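One structure is given below, encoded as structure tokens.
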Amino acid sequence: MCSIAVNEEAYIDEFVDYHHALGFQKIYIYDNANTPELDQWANEKSDFVNVTHFPGNTLIQQKAYVDCTWRALRGHITKRQT
């Protein structure tokens, strides 16, 4: 699952736990804040969460989802080959 967030510190834990419970095995969060607000939180979460600091404004959501798609595909291909 790919998601982009900004100023969501109060809700991100519940969001991730809910979607993991639904069956998502890997969750990619793109932190769109100017400073890496979710880094500490990411260090405390399990391995199924990957947080990338991704600041910016112009077309940032589209860029984040393209990057996330490539990361997910690379991970999937790597897992299938081993």
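A few notes on this one:
- Put simply, the amide H of His53, placed in the peptide plane, has neighbours under 5 Å in Asp31, leaving out anything fewer than 5 places away on its chain.
- Only the Cβ atoms of Lys and Arg (+1) and of Asp and Glu (-1) were treated as charged; on that basis the dipole of segment 1-62 about its Cα centre amounts to roughly 280 debye.
- Residues of segment 47-72 with amide N under 18 Å of the 7 Å Cα→Cβ point at Lys26: 47-53, 64-72
- For segment 32-40, backbone phi angles converted through the Karplus equation (6.51, -1.76, 1.60; θ = phi - 60°) give residue-by-residue couplings of 8, 6, 5, 10, x, 5, 9, 4, 4 Hz, Gly and Pro being listed as x.
- In this structure, the amide hydrogen of Cys2, modeled 1.01 Å from its nitrogen in the peptide plane, lies closer than 5 angstrom to those of Tyr28, counting only residues at least 5 positions away or on a different chain.
- Here the Karplus relation 6.51 cos²θ - 1.76 cosθ + 1.60, evaluated at θ = phi - 60°, turns the backbone of segment 15-24 into coupling constants of 4, 5, 4, 4, 6, 5, 5, 6, x, 5 Hz, with x for every Gly and Pro.
We did not get these values from a lab; they are worked out from the coordinates using the rules stated. Computed from a prediction, not measured in an experiment: that's the story for all the values here. All Cβ positions, glycine included, derive from the backbone under ideal geometry; neighbour counts span all protein chains shown.
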